[in-house]
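The structure under discussion appears below in the form of structure tokens.
The values are calculated or read from the model by the stated rules, or taken from the named source; none is laboratory data. Note that the structure is predicted; figures quoted are calculated from it, not measured. As a convention, Cβ positions derive from the backbone with ideal geometry for all residues, glycine included, and neighbour counts pool all protein chains shown.
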Amino acid sequence: MRRRFFVEKFDQARATMEGEPAHHLGRVLRAQPGQLYELSDGSNAWLGRIETVTRDRIEFALIEKLPCKAPSLETTLLLAIVKFDVFEWALEKATELGVSRVVPLAASRSEKTLLSAAPKRAERWKKILLEASQQSRRLQVPHLEPLAKAQAAFQTNKQSLCLLLSESPDAMPLRELLSAKQGPSACLAVGPEGGWTDDEFVAARAAGFQEASLGKLILRTETAVIASLATLNFALSSD
């Protein structure tokens, strides 16, 4: 199976890759003229043949337009900051599961030292999203939003379906919430390992979020992300 890479644009029958991606493909992967790769500009995908390889620039000739379809479900993930190895693993898996946007959350129970360091990790997180998109052969790379306070993010991210994962015994099971739902977009909020505070629950409800449960067992953040996104895709996506 051919690997997929992203380029900024297609220019008639040609495409150019520059900078670090070109260096990685040309020097690390030792790409050679004549080799074929899939290319995406975020809207379309083409089969491209390498024409020239230099240190930080690769020129492609476009051979064949590839079939592609925009996802039927646009999902925004509001993900509370947790330990960075866990957070980054969750980013990778969320990308593979088709999430469209990621908003890192400064939740009340997120560790303060992690919150102060989070803005400096943004470029690394974008790279993770890019590499996971290439690996999973996505058409588009998820958009990473700046770090936001949980209450503000609840107010500004209002899709046709908004869900807040909750350990509360009164939270409705996710499968029941999705049983009669339809719509082109969804927003999912996953909290820190210490859980949401009462103030965050109040703010989420005021913004139209519904509390959803994944069962009686307590899941780690990365497990909750995978389980809930997979369930959303199964229930709402027509792909």
Out of the residues in region 128-154 that are at pLDDT 95 or above and surrounded by fewer than 14 Cβ atoms within 10 Å (Cβ to Cβ), state the one that is farthest from S40 (Cα to Cα).
P146
Those helices (runs of 4 or more DSSP H) completely within region 54-142 that have 1 or more residues that are in contact with a Ser or Thr (Cβ under 7 Å, 6 or more places away or on another chain) and aliphatic (A, V, I, L, M) are 84-96, 122-135
Every pair of residues 6+ apart whose Cβ atoms lie under 9 Å, when the first sits in region 120-149 and is assigned by TED's automatic domain parsing to the domain that holds S100 while the second is loosely packed, with under 14 Cβ neighbours inside 10 Å and of a type in the set (G, A, S):
L139/S43; L139/A70; Q140/S43; Q140/A70
Within region 9-60, count every residue that is of a type in the set (K, R), on the phi < 0 side of the Ramachandran plot and at pLDDT below 90.
2
Residue list for region 38-47, restricted to those being assigned to a strand (DSSP E or B) and in contact (Cβ under 8 Å) with a residue 40 or more places away in the chain
E38, S40, A45, L47
Identify, by number, the condition in (1) assigned to a helix (DSSP H, G or I); (2) surrounded by 16 or more Cβ atoms within 10 Å (Cβ to Cβ); (3) without any contact (Cβ under 8 Å) to a residue 24 or more places away in the chain that V202 doesn't meet.
(2)
Could you tell me which of the residues P184, P169, P192 is under 20 Å from the mean Cα position of the chain (by Cα), farther than 18 Å from V225 by Cα and modelled with pLDDT under 95?
P184
